[in-house]
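The next block holds one structure in the form of structure tokens; read it before the comments.
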Amino acid sequence: MNRTLGPVSAVLVMLFPYLMIHFDKPPLETCGALIAGVVLGVLSLRTGSTSGGAGLHIAVA
């Protein structure tokens, strides 16, 4: 997605399904997911892998 859309659009496209997963959570957690989704998306772009973000998500959850 990064090569096709560019980094900003790639993170925004990834962010929508990530937020949708958190819609049934309390509102504050959903707002936190917005920030966390951006951080995880940028981390994935910088490292070229999703494993760091997955590990961070597991550690926080």
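Values quoted throughout were computed directly from the atomic coordinates according to the rules given, and no laboratory measurement underlies them. Fair warning: this is a prediction, and the values are worked out from it, not measured in the lab. Ideal geometry is used to build each Cβ from the backbone, glycine not excepted, and the neighbour counts take in all protein chains shown.
Would you mind checking the tilt of helix 7-21 against the longest principal axis of the Cα atoms of the chain, expressed as 0 to 90 degrees and rounded to 10?
30 degrees
Just to be sure I understand the model, the point goes 7 Å from the Cα along the line to the Cβ. What's the resulting S9 to V38 distance in nm?
2.0 nm
Where does helix 51-60 land angle-wise versus the long Cα axis of the chain, in degrees 0 to 90, nearest 10?
So the helix axis and the longest Cα principal axis differ by about 10 degrees.
Could you work out the equivalent-ellipsoid semi-axes for the chain, taking the square root of 5 times each eigenvalue of the Cα gyration tensor, largest first, in whole Å?
On the way: eigenvalues 82, 42, 12 Å².
Largest first, the chain gives 20, 14, 8 Å.
Could you state the angle between the C-alpha long axis of helix 27-47 and the longest principal axis of the C-alpha atoms of the chain, as a value from 0 to 90 degrees rounded to the nearest 10?
On a 0 to 90 degree scale, this one is about 20.
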